[in-house]
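Quick notes on the structure that follows.
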């Protein structure tokens, strides 16, 4: 007897095939072997129009927050080190000026250039290099990141670099940049290790970093301030590398990398018996808990940008091009 090939039988087969296909798709998704919305496809992080829009949105929000001394107005547009620094700055400003910032001058960023890497997966990110109406002739470098299509672009790193010191980046035929893996072995220092190496250098010195205001000169200033009549200052430096503080790196034209990274710092001032810690300024006081008697411990977050040379090149020293540090809290005892 021949089998039924009529419409009912065909509809049944169609349903079975659809169920089987659905199960297969779910299995592929669960195993991570299925490409969904380009998560595993190498794509530009953004179009240049999207990058320009993100820069404008950040600037608008930053100005509103600065004018009102209200961190809620730009909280959606900052992350990582910049979020910590910005939030504390605005908190101190609001404590001392409840009606807003009497010295507010809107930040204006012009002549923006965007370096957009191609990469697979999230987070995606890009760098904006702009001239600002603050900071003299220095270039403003802002690193925008986001963790998904439904999330806003946020600035995780903001540093100022002297004009002419921003390197040329390696780009493909379409003008897109190359991100450098944080565990790259093709550099003098793997980007994932820069925060640790930098904080170790601040503590003990060494020859891994080029001379400059953010390296040997900063160490010399600390050494000078460590012991004064009636006052001792101690410094503790720690790497900060996880989550929104993760380092990000772009390949430069010479095979090296421009690396953005974060560090965490403590500065403790202790007065000798019979003396007191010098009274800090009003912004520090606004972020201080406890009564300042014999000591004051201040916490800072710092974001840096550095040139990491290609491994095997003539000079293997890392050059710290820029650093912005902000007080985030303080404790009096």
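The values are calculated or read from the model by the stated rules, or taken from the named source; none is laboratory data. Not measured: the values here are computed from a predicted model. In this analysis, Cβ positions are derived from the backbone assuming ideal geometry, glycine residues included, and neighbour counts consider all displayed protein chains.
One line per residue, one yes/no per condition, for (1) buried (at least 17 other Cβ atoms within 10 Å of the Cβ); (2) farther than 20 Å from residue 182 by Cα; (3) at pLDDT 95 or above; (4) under 19 Å from the mean Cα position of the chain (by Cα):
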{"position": "104", "(1), (2), (3), (4)": "no, yes, yes, no"}
{"position": "116", "(1), (2), (3), (4)": "yes, no, yes, yes"}
{"position": "120", "(1), (2), (3), (4)": "no, no, no, no"}
{"position": "126", "(1), (2), (3), (4)": "yes, no, yes, yes"}
{"position": "143", "(1), (2), (3), (4)": "yes, no, yes, yes"}
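Just the residues that are touching a strand residue (DSSP E or B) at 6+ places or on another chain (Cβ under 6 Å) and either touching a residue at least 40 places away in the same chain (Cβ under 8 Å) or in a loop (DSSP other than H, G, I, E, B) (or both), please, taken from segment 265-283.
Within segment 265-283, 265, 271, 277 meet the criteria.
Could you tell me which of the residues 254, 315 is out of contact with any strand residue (DSSP E or B) (no Cβ under 9 Å at 6 or more places or on another chain) and assigned to a loop (DSSP other than H, G, I, E, B)?
315
Please enumerate the residues belonging to segment 98-143 that are over 19 Å from residue 61 (Cβ atoms), part of a strand (DSSP E or B) and free of Cβ contacts under 8 Å to residues at least 24 places away in the same chain.
Listed by number, the residues that qualify are 111, 113, 131.
Suppose we filter segment 225-250 for residues that are assigned to a loop (DSSP other than H, G, I, E, B) and farther than 28 Å from residue 78 by Cα; how many remain?
2
Among the residues of segment 147-161, which ones are under 13 Å from residue 58 (Cα atoms) and within 14 Å of the chain's Cα centre (by Cα)? Before the answer, list the steps.
Step one: filter segment 147-161 for residues under 13 Å from residue 58 (Cα atoms), giving 152-158.
Matches in segment 147-161: 153, 154, 155, 156, 157, 158.
Looking at segment 241-258, which of its residues are in contact (Cβ under 8 Å) with a residue 60 or more places away in the chain and either within 21 Å of residue 314 (Cβ to Cβ) or in contact with a helix residue (DSSP H, G or I) (Cβ under 6 Å, 6 or more places away or on another chain) (or both)?
Passing the criteria: 244, 245, 247, 249, 251, 252, 253, 254, 255, 256, 257, 258.
Residue 148: over 15 Å from residue 251 (Cα atoms), exposed (fewer than 13 other Cβ atoms within 10 Å of the Cβ) and in contact with a helix residue (DSSP H, G or I) (Cβ under 8 Å, 6 or more places away or on another chain), yes or no?
Taking the combined requirement at face value, the residue does not satisfy it.
What are the residues in segment 22-63 that are loosely packed, with under 14 Cβ neighbours inside 10 Å, in a helix (DSSP H, G or I) and either touching a helix residue (DSSP H, G or I) at 6+ places or on another chain (Cβ under 7 Å) or at pLDDT below 95 (or both), if any?
Selection gives 22, 23, 24, 25, 26, 27, 28, 29, 30, 31.
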